[in-house]
1. Restricted to the range 117-126, and to residues that are in contact with a strand residue (DSSP E or B) (Cβ under 9 Å, 6 or more places away or on another chain) and outside any strand (DSSP E or B), which residue is nearest to residue 151 (Cα to Cα)?
2. So which of 196, 182, 167 is in the same structural domain as residue 144 (by TED's automatic domain parsing) and farther than 16 Å from residue 216 by Cβ?
3. I'd like the full set of residues that are assigned to a strand (DSSP E or B) and more than 23 Å from residue 71 (Cβ to Cβ), limited to the range 436-468.
4. What about residue 71, is it surrounded by fewer than 16 Cβ atoms within 10 Å (Cβ to Cβ) and modelled with pLDDT under 95?
5. Does residue 65 fit the bill of being among the charged types (D, E, K, R) and closer than 30 Å to residue 389 by Cβ?
6. Run down 234, 238, 187 and say which single residue is buried (at least 16 other Cβ atoms within 10 Å of the Cβ), of a type in the set (D, E, K, R) and either modelled with pLDDT of 75 or more or not assigned by TED's automatic domain parsing to the domain that holds residue 129 (or both).
7. Name, by its number, the condition in (1) touching a strand residue (DSSP E or B) at 6+ places or on another chain (Cβ under 7 Å); (2) part of a loop (DSSP other than H, G, I, E, B) that does not hold for residue 164.
8. Which residue out of 89, 105 is touching a Pro at 6+ places or on another chain (Cβ under 6 Å), at pLDDT 95 or above and on the phi > 0 side of the Ramachandran plot?
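The values are calculated or read from the model by the stated rules, or taken from the named source; none is laboratory data. Everything quoted here is computed from the prediction, not taken from an experiment. No Cβ is skipped: glycine too gets one built from the backbone with ideal geometry, and neighbour counts run over all protein chains shown.
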Amino acid sequence: MSPSNTTRLLVVLAASLIVASARAHAQTVALLTSDIDFAGRPSAVVTDAAGSVFVADPVADTVQRVSPTGVVDLVLDATGDGQGNVLAGPVGLVVDDVGDLFVAGGASANVFRVTPSFQVSLVLDGDDAGPGLEFSVIEDMHVDATGALLVGTGPTTSTGGLVLRKAPGAPVQVLHAASDPAFHVLDVEGDPVGGAFAVARSLASGAPLFLEISATGAVSTCSGPSSFAPWWSDAAIDAAGKVWLVTSYATIPADLGLYSLSSSGCPLLSSGPHNGSVGILDDGATGKVMIAQTFNVFLGLESALLFGSTPVIDAAGVDGVPLFSPGPVHGDDRGRMIVVQDEPDAIFVYDRHGWTDLGGGSPGANGTPRLSVSGPLAPGTPMERHLVNAPPGALTLAWLSFTSAPFPALGGVLHAFPWSFQWFFVADALGTSSLTVTWPSGIPAGQPLYLQFLVQDASVPDGITLSNAVTAVTN
């Protein structure tokens, strides 16, 4: 190779690495789907062990499931269990260890179980707390460390809102009943040791009340500052037991197990019009807090108390879909944060393991083939790969490269070049191809990988289209 060509190649390689590095830092969010319809702002989101995403729409009275490849199915609608127990205004979603989905109807004051085969049954309704404690509204539902459901309600026939615990096969347990009949329990969360944290608010005075409930049922309460009036709230608890509470007025962290909320005086540690939703990404050491911000319209990743110090995505969004009205967020055990929004309707996925979308795809008969990969690339851990938008039955070729020298090709940009390994796959009748493998040992940590598909497509002049490329670094 001549000196001039060597110099040119080095420049191309250096430029590609700089671009890849910049994108890896600035863009860690992918678009799961924008082919979904919400009648209003979604109220809850959760994932199952297979990586599917479930979203509650309180206006349409529905719950939809989105597969890892973006296929949307209706899971539950207003007919509920079909036995006269209807679903109205779903507000909470939980998936248990066997894959059953639990759906809390806010306006219908009930909870349904939906099995993976879509069998629906009623597990809780507004009469189950006992005589005098009948409630007509559920505000929130989550799960505690033992797998029991935690439910926050509106006022009952004789008290304010309730915090309920429903373990499998056990009767409903009342953990707390607010004495003020104007109090609603807006949010309830389980802590790592079997306790719970709840936020209540008086609709009469606006005064907030924070509840710390131990695993044995002991309750500590704390009234928030008079200037703090949570018109709504969203909370999450990290692996260390720290509560992250986001409301329309403040973000308040409190250390459960380190000090009592009642003796701490509910310290206001960070104030401002945050007005968003919060979820936890647990990296095994420190909890990572993800806040979907509505007013400032950005997604912020924060640890400790530095709010929004690392923007993940701005209003420009991903793949031409803007981030305009982010709603509920959920962190799963795969290291992903799911973000749902309406206006426009879409679901974004942030992967903390660092898979970065480099783009470069070219359109074909079914649009541009779309590649997504998840997994930490650590020995013994799963890696999932999904390809969608290929022609039905198309032959596809996966190129894996340890370096990247991108260049324009086939109507797109080929990033996984020069390739180090290649494999052939055939798309199914829907134009998708999925694979889950266990990452092997023996591959050094810190090795960059680039993956991209070439897809057979008779509708384009060259007969081949490109998927987008993705890149990550092994652990």
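1. Among residues in the range 117-126 that are in contact with a strand residue (DSSP E or B) (Cβ under 9 Å, 6 or more places away or on another chain) and outside any strand (DSSP E or B), the one nearest to residue 151 (Cα to Cα) is 126.
2. Criteria check complete, one pass: 182.
3. Matches in the range 436-468: 438, 448, 449, 450, 454, 464.
4. Working: surrounded by fewer than 16 Cβ atoms within 10 Å (Cβ to Cβ): yes; modelled with pLDDT under 95: yes.
The answer is yes for residue 71.
5. Numbers: among the charged types (D, E, K, R): yes; closer than 30 Å to residue 389 by Cβ: yes.
In short, yes.
6. Unique residue meeting the criteria: 187.
7. Result: residue 164 passes all but (2).
8. 89
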